[in-house]
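Asks: My structure is below; once you've seen it, I'll send some questions.
The values are calculated or read from the model by the stated rules, or taken from the named source; none is laboratory data. Remember, it's a predicted structure, so these values are computed and weren't measured experimentally. Note that each Cβ is placed from the backbone with ideal geometry, even for glycine, and that neighbours are counted across all protein chains shown. Accessible surface areas use protein heavy atoms only, side chains included; no ligands, DNA or RNA. Shrake-Rupley method; radii C 1.70, N 1.55, O 1.52, S 1.80 Å.
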Amino acid sequence: RPTGGSASASQKAQRGAAMKTSRAIFLVALLSASCFAVAAGAAHGRAQGQARGDRTVTQVVKLLQSLVDKSKAEGDTERDLYAKYKCYCDTNEEEKKAEIQQLTEQISILEAKIAELLASSAKLSKELAQLAKDKAANEQARETAVEIRGQDHDAFVALQTDLEQAIAKLGEAIQVLADIGADQTLGAATGHVKYMAGQDGVMGLSALKSTVQKALLAASAFTTKKQLKAAEAFLQAPFTGVYSTQSGEVVGILRDMRETFSANLETAREVEAAAVKAHDKYMTAMGEAWNALDAQETTKQGELSGNDGDLSTKRPQLDDFKVQLEDAEQFLSSLLEMCAGKKKQYDERVAMRAQEQAALSEAIAILNSDAAFATFGTVQATSSVEAVVPPTLFQIRKHHPPGITATSVNRGAVIETASRQQAKAFLQAAAKKVGGQGPPLLSRIVAMLQANNPFAIVLQEIDKMIALLEAEGRADANQKSWCDKERLDTNADITTATGDIDTLTGLIQDLKTAINDPETGLLFQIDETKVSLKENYDNQVSETTDRRQANVDYQKNIRNLVEAQTLLTKAVEVLKTYYASLKGKIEEADMLQLRQHRKDDPAPPDTWEDTYSGQKNTGGTDAVGMIEFILDNTKKEETTAHNDELAEQHQYEESMDGLKVSEAELQTTMVNLRATLAEKQEELFEKEKDLKKTQKELAALEDYLVKIKPGCDFIVDNLALRDGNRATEKAALEEAKTHLEGAPVYTAAMAAAHNESLGGCLSICAPNEEHAACKACLAGVSVPGYCAGHAATLGC
């Protein structure tokens, strides 16, 4: 019953005491009925025994023996019933203990598994974070390596271009000097140019200086100061002698420079090739490492998702097992308490039955012993097979005290008979006034008077019956008070229980709505949260898949761009090299034409220009520019691709962070919802249990009212009549007592009884019973001996 609707402790105690009192009264009534039944059975047994010739004591022994047999039979029946009850207790106790042990083990296993999953998830989260950092570091390292490789390659291209140009220029300078005889190794005559003083000679020298200056300018970054100074001195010195003598040193310097540049160019190319190879190997290793990290990340993401799935399954299982364990423990506790109470009750019944059987057996042993048999054989009341007639006053008094003659006894008997008849008539009239044959008390007194019982016995019975009537009146008053109070208290409890049931019904409906409402209930919210978690997980998977695919496309695009840049760079290098060499040839041809032209040379008509320019003037160099433009755009596209990839990666990471935060919030919400659901379900379970308990209490209260209704209705309806009848009975008994006590024979009988109590001291005590002689005789001592202890007694 809910706390708000429970009765106070004192009310409960009073009601409990009242119920115990009602049970006691009921047991008294039951025992009384049993006694009446036993008495009836005894009477019937006596009749049958007398018919068979059994003595009275034999009939009593047999009756007692039948009671022992009946008690043993009832004990056997109760033993069988308790055995079944005990079997139920043992079976259910064993089953519940096994169930509790199994549930406890399952809960321990689930808790350990959940702890293991949580630890694994924490470890996986840390490992995933580290893998993300390692992947980012790998990508950054590759980007740095690509950037450095590009810078190194650009430096190499610039160096190669400069060296090739320098070598070409040096070759042109050497060739020019060789053509004019400056090369001493050719062995050519130098006299034919010794006196070059004409216009053509001036122009040849100017062209020579221009060529050498271009070569020196191209090689200035790679020549020593001494070499450069010697060449510049050659170019700046005035013409003073044979030209070959002055330029020979310069030719040697230019040849050494060209050889050095050629060696440097070859070394640079080898270094570049080795660097490209090392870079490719490094990028391959880093790419494989990144793929391994990505594979690990995918695997661990799957493991983490699996852990989350296991947790979402095992946590509800753990909650269910805990609820089952609590129910099982509560059931076992109630079972043990109930079985212990039943065992205590059974043991008490066995003990009481054993005591009862022992008492009956002892009575049988006393009545059925050899000594008792011999004694009972000498007594008519215990040995007669006829109906036992109660003895009369004259049968009891076989002898008369001194001073009472037979004549006086006969006269007293006549007076006693008249008084007895007068009392009997009065009691019979009172019985008829009460109604019918009269109450059993008056009938009993009448029967005793008819049986001529002694006055003392009759008066004692009258006093007992008056006391019994008074006790019965008090019992009826108490019974009515008890009934009134029980009905009042029970009706109040019924009202309280009804209010509690209404309150609990409303609370249960509210809890069911909070749990099962299709739009706002906890189960609906949990399902919605599950859907949101599933969508969050699907979004994570989808975005991760898209990001990986975009990264794969990005890697493929970068490879294509790098390969395109390589091809375009090679094309530019080929074209530039070609056009650079073509330019040298054109300049060389121009110099030769300028040198060989004379006044007397033929002058054929113009056909075409002798200087070959190829496609240079028709778009060749434009093609190089166009390729270089495309190359620049390709590099820009690569940069844009890198930037886009970085931006998309950052966007992906931000989105994943948001999804993770949302997932954590949803998981927290799910945990809170499940906790709230468990609390509501537990509260619902308790309220439903309280409702059932209160309903049972209400039904018990209503049954209790129905159960006490007959007795209470009887006492309420008949209390006044019963009180009136008791008053009439009591008045009749007191009147009968007055008539009996006023009879002279009663006074004589009392005096005779007193004289008889004096025994052999009657003659001594007749003068004065207060005298020391009487006191000493009654005490059985001498007069001096008595006076020694009672000096104040008369006669001492």
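Asks: Only residues that are of a type in the set (A, V, I, L, M) and within 30 Å of A173 (Cα to Cα): list them for region 257-282, please.
Replies: M257, A263, L265, A268, V271
Asks: Related question: Within region 79-94, does at least one residue satisfy the condition of being part of a helix (DSSP H, G or I), of a type in the set (A, V, I, L, M, F, W, C) and in contact (Cβ under 8 Å) with a residue 40 or more places away in the chain?
Replies: Yes, region 79-94 contains a residue that is part of a helix (DSSP H, G or I), of a type in the set (A, V, I, L, M, F, W, C) and in contact (Cβ under 8 Å) with a residue 40 or more places away in the chain.
Asks: Another question, then. For region 271-311, which residues satisfy the criterion of being without any contact (Cβ under 8 Å) to a residue 12 or more places away in the chain and within 26 Å of the chain's Cα centre (by Cα)?
Replies: Listed by number, the residues that qualify are G306, G309.
Asks: Pick from region 630-663 the residues that are open to solvent by less than 50 Å² (accessible area, probe 1.4 Å) and among the small types (G, A, S): which of them is modelled with the lowest pLDDT?
Replies: Top of the filtered list is A641.
Asks: Here's another thing I want to ask about it. Are any residues in region 255-289 open to solvent by less than 40 Å² (accessible area, probe 1.4 Å) and either closer than 23 Å to A158 by Cβ or among the aromatic types (F, W, Y) (or both), and if so, which ones?
Replies: The answer is M257, F261, L265, A268, E272, A275, H279.
Asks: Mind checking which helices (runs of 4 or more DSSP H) fall wholly inside region 698-796 and carry at least 2 residues that are at pLDDT below 85 and closer than 30 Å to D500 by Cα?
Replies: Fully inside region 698-796 and qualifying: nothing.
Asks: Further question: State all residues of region 653-695 that are within 17 Å of D538 (Cα to Cα) and not aliphatic (A, V, I, L, M); if no residue qualifies, say none.
Replies: Passing the criteria: E653, E654, S655, D657, G658, K660, S662, E663, E665, Q667.
Asks: Open to solvent by 60 Å² or more (accessible area, probe 1.4 Å) and at pLDDT below 85: is that true of E74 in this structure?
Replies: yes
Asks: Separate question: Restricting the search to region 563-575, which residues are of a type outside the set (S, T, N, Q) and open to solvent by less than 60 Å² (accessible area, probe 1.4 Å)?
Replies: Kept after step one, since they are of a type outside the set (S, T, N, Q), are these residues of region 563-575: 563-564, 567-568, 570-575.
Listed by number, the residues that qualify are A564, L568, A571, V572, E573, L575.
Asks: Oh, and also: Show the residue pairs that are 6+ apart or on different chains and have beta-carbon atoms under 7 Å apart, the first residue being within region 550-563 and under 21 Å from D632 (Cβ atoms), the second being open to solvent by 50 Å² or more (accessible area, probe 1.4 Å) and in a helix (DSSP H, G or I).
Replies: Hits for this filter: L561/E637.
Asks: Next question. Would you check which residues across region 712-725 are open to solvent by less than 40 Å² (accessible area, probe 1.4 Å) and either in contact with a strand residue (DSSP E or B) (Cβ under 6 Å, 6 or more places away or on another chain) or under 11 Å from D476 (Cα atoms) (or both) and list them?
Replies: C712, I715, L719, listed by residue number.
Asks: Given the criterion more than 30 Å from A358 (Cα to Cα) and open to solvent by 50 Å² or more (accessible area, probe 1.4 Å), identify the matching residue among L81, L124, L118.
Replies: Result of the check over L81, L124, L118: L118.
Asks: Return yes or no: is L332 within 59 Å of the chain's Cα centre (by Cα), buried (at least 16 other Cβ atoms within 10 Å of the Cβ) and either farther than 30 Å from Y537 by Cβ or of a type in the set (K, R) (or both)?
Replies: Here the answer is yes, as L332 does meet what is asked.
Asks: When you scan region 135-145, how many residues do you find that are under 15 Å from R559 (Cα atoms) and open to solvent by 50 Å² or more (accessible area, probe 1.4 Å)?
Replies: Counting residues in region 135-145 that are under 15 Å from R559 (Cα atoms) and open to solvent by 50 Å² or more (accessible area, probe 1.4 Å) gives 1.
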